[in-house]
Amino acid sequence: MGKRKVKNRWLIALCAVGIHISIGSVYAWSNFTGPLSEEFGWSASQVQFTFSVAILFLGLSAAFLGWFVEKYGPRVAGITAAIFFGIGVAGSGIAVQAGSLWLLYFFYGVLGGIGLGVGYIAPVSTLVKWFPDRRGLATGMAIMGFGFAAAIASPLMNFFINQTGIAATFYILGISYFVVMIGSSLYLSRPPEDWVPEGYDPEEQESSDKQDLANMRAKEAVKTKRFYYLWVMLFINVTCGIAVISAAKPLLEESVGVAAGTAATLVGVMGIFNGLGRIGWASASDYIGRGNTYLAFFVLQIGLFLIVPYTSITWVFVVAFSVIYTCYGGGFAAMPAFIGDLFGTKELGAIHGYILTAWAAAGLAGPVFAAWMKDTTGSYENSLIYFAGLFVIALVVSILTKRDEKQKRQALKEESRTA
């Protein structure tokens, strides 16, 4: 028998990035807020609600369709995501031509959101299986694509809106994303059953602290304490992160006194750190451990959220926010690897999907809380103190997670000794 041909795992990673760069364009939705408001007289919040619907359906579809990714594999899941997201974005052009806000919510929010959820988890769970030696790096690469997507999509959206109009922009983007996502999905597949990367020794892992704690099904994972610990940590990190991202520009203008144009540029620059944090923190987690990475997120952010309200120095503000952005992005990117460590890779996509409901909940809670604080206290700054308090809770939960993991590892060692 000839030597079997195994796919190139780095090409698999590149395909994952292709899918995430396409669906991550959802973060550039605000480019449509002004043009749609001007054309139809819809309020900014009515148009912005489309984004909230999309994020809500991202969380719901990730949770309810995680089993679909596990059952049918990443290729079928990727193609499904391409169809939903492609029709969702292109169909938004029909909504614009019809002048219907409800059609926009349906196409971009519901259909696009389902494409987002399936497209988000499909390549990530596959990458964890292809990179048992560098889980953090692998998931960081794909999820970095999601973080950087807005930087690529924003100028393209503005160019097409000005040149061709809003409806045509949706048609062009919908078709383009569909082509990229289909092309990327066709190469995706799980590694062969007994495959391991060169130089990687699974038995050596089993005798070290890098062994997976368990190899659970999703319905077993949701019965453990550590599942809920991870959920709470992601929820708090995303709630606070999304809230400051949604308020970064007014904070710069009102608190630091930066001109509107400069504030917009600085927000763009800080956004790059959202992408860099995804690859940086996730890669670092391969060396310092996932538990320590989350501890670092929360310790850093407690300090930064307490400093920002009391500073009027622009560079201090920008540096603080840039670090907060890296922690926000890093929280997403290190999570799939953390799930692999604690629950194994048997049904990682499904477990990841359940934990992403924290993102859907946070996507609604964070901006609403920041806006409510602004209305009741007159400034966004006051909400930052409360967020620092939330991070204290997250820190306690991350310490409990570490303790739980340590106890389980101890028990595993005892078992292997007596076996």
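Points worth noting:
- Among the listed pairs K5/K346; K249/K374; K71/K402; K219/K408, a Cα-Cα separation exceeding 21 Å is found for K5/K346; K71/K402.
- Average accessible surface area per residue within the chain, 1.4 Å rolling probe, Å²: 42 Å²
- Between K71 and I152, the modelled label-to-label distance comes to 3.2 nm, taking each label 7 Å out from Cα in the direction of the beta carbon.
- Here is how the number arises for the chain: DSSP H runs of 4 or more residues each give -39500 (n - 2.57), the sum is divided by the residue count, and the result at 222 nm is -27000 deg cm²/dmol.
- Theoretical FRET efficiency, 1/(1+(r/R0)^6), r = Cβ-Cβ of Q163 and E39, R0 22 Å, to 0.05: 0.90
- Helix 112-130 and the longest principal axis of the Cα set of the chain meet at an angle near 30°.
- Comparing V53, V196, V26 in a Gaussian network model of the chain, where Cα atoms under 10 Å apart are tied by springs, the biggest mean-square fluctuation is seen for V196.
- Computed from backbone phi, the HN-Hα couplings of region 158-168 come to 4, 4, 5, 4, 5, 7, 10, x, 6, 4, 4 Hz, rounded to whole numbers (Karplus: 6.51 cos²θ - 1.76 cosθ + 1.60, θ = phi - 60°; Gly and Pro given as x).
- Gaussian network model of the chain, springs between alpha carbon atoms under 10 Å - residue of S184, S312, S52 with greatest fluctuation: S312
- The distance between label points at T314 and V396 comes to 4.0 nm (points 7 Å beyond Cα on the Cα→Cβ vector).
- Springs between Cα atoms under 10 Å define the GNM used for the chain, and in it the highest mean-square fluctuation of D341, D404, D286 occurs at D404.
- When F178, F338, F159 are compared by accessible area of protein heavy atoms, the largest-first order is F159, F178, F338, using a 1.4 Å probe.
- Under the Karplus curve 6.51 cos²θ - 1.76 cosθ + 1.60, θ = phi - 60°, whole-Hz ³J(HN,Hα) for region 24-31, x wherever Gly or Pro sits: x, 4, 4, 5, 9, 3, 4, 4
- Label corresponding to Cα extents along the principal axes in Å when calculated from the structure given, among (i) 54, 41, 32; (ii) 65, 48, 39; (iii) 70, 53, 33: (iii)
- When the square roots of the Cα gyration tensor eigenvalues are ordered a ≥ b ≥ c, the ratio a/c for region 307-370 is 1.5 or more and a/b does not exceed b/c, which makes its shape oblate.
- Taking all protein chains as shown and a probe of 1.4 angstrom, L14 keeps an accessible surface of around 110 Å².
The values are calculated or read from the model by the stated rules, or taken from the named source; none is laboratory data. Please read all numbers here as calculations on a predicted model, not as lab measurements. No Cβ is skipped: glycine too gets one built from the backbone with ideal geometry, and neighbour counts run over all protein chains shown. Quick note on the areas: whole protein, heavy atoms, side chains included, nothing else; ligands and nucleic acids left out. Shrake-Rupley method; radii C 1.70, N 1.55, O 1.52, S 1.80 Å.
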